[in-house]
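The values are calculated or read from the model by the stated rules, or taken from the named source; none is laboratory data. Quantities reported herein were computed from a predicted structural model and do not represent experimental measurements. Cβ placement follows ideal geometry from the backbone for every residue including glycine, while neighbour counts extend to all protein chains displayed.
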Amino acid sequence: MARFVMVGGRGGGGGRGFGGRGGGGGGFRGGRGGGGWQDQGPPEQVIKMGYFAHTSQDDLVLKVTLEDVPFFNAPIYLQNKQQIGKIDEIFGSLKDYYVSVKLGDEVKAKSFKPNDELFIDPAKLLPLKRFLPGNEQRGGGGGRGRGGRGGRGG
C-alpha cells in the first residue's frame, strides 16, 4: 500500500536565505516576489475539510474528508470564516489522510471537541491525481537532467 507523508514545506526555496543565488522557485510558478506574505482576509467561500480528531501537543489533528490535498500553510477556518491556524503536516495514506494544524496564538487546542468540523478555502487545494504515479507534468523538458556542478578552471 502506498504511504503518503509530506512533512515540512514545499521544498525549493528559490534563493531565499542565500542572497538570491540559485534560481528556481518554490515549485509554484517560479520564484516568489519580494516582501513578506500578507493576510488577505477571509475567503469568499469555505468548504468542509474534515473534523477534529485529537490534539498533539498544541496542534490539532484533523481527519480529512476531502479527496483533494491542501497546500502546506493553507489557512484553516471555522464555519464562520474565522481563521484558527494553518496546515503544518500531512500524513496517512493517499485515500485516508490526516493533517496537523498549527494554531494561531489566540486559539487553544482545548477549545475543540471531537468531530468539530473545520473548513478550508477551496482555492488552497490540489487534486489528488497530481500525486499519483503516471501523472506526467505537462510541458516538461523531456528528460533534461539537473546538470553537473560545473568545474573550476583546468
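Laid out as a table, the results:
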quantity	calculated
Selection from the stretch 47-97 of residues that are closer than 13 Å to Leu128 by Cα and assigned to a loop (DSSP other than H, G, I, E, B)	Thr65, Leu66, Glu67, Asp68, Phe71, Leu94, Lys95
In the stretch 94-126, the residues that are farther than 16 Å from Val69 by Cβ and among the charged types (D, E, K, R)	Lys102, Asp105, Glu106, Lys108, Lys110, Lys113, Asp116, Glu117
Residues that are more than 16 Å from the chain's Cα centre (by Cα) and surrounded by 10 or more Cβ atoms within 10 Å (Cβ to Cβ), drawn from the stretch 119-133	Leu132
Matching option when the condition is assigned to a loop (DSSP other than H, G, I, E, B) and within 25 Å of Arg130 (Cα to Cα), among Pro43, Pro114	Pro43
When residues of the stretch 46-66 are limited to those that are modelled with pLDDT of 95 or more and over 17 Å from the mean Cα position of the chain (by Cα), the one surrounded by the fewest Cβ atoms within 10 Å (Cβ to Cβ)	His54
First in the stretch 97-114 and farther than 13 Å from Ile76 by Cα, second anywhere and outside any loop (DSSP other than H, G, I, E, B) and among the small types (Gly, Ala, Ser), Cβ under 6 Å, 6 or more apart	Tyr98/Gly92
Evaluation of Gly19 against (1) at pLDDT below 95; (2) under 20 Å from Glu106 (Cα atoms); (3) surrounded by fewer than 13 Cβ atoms within 10 Å (Cβ to Cβ) (one fails), failing number	(2)
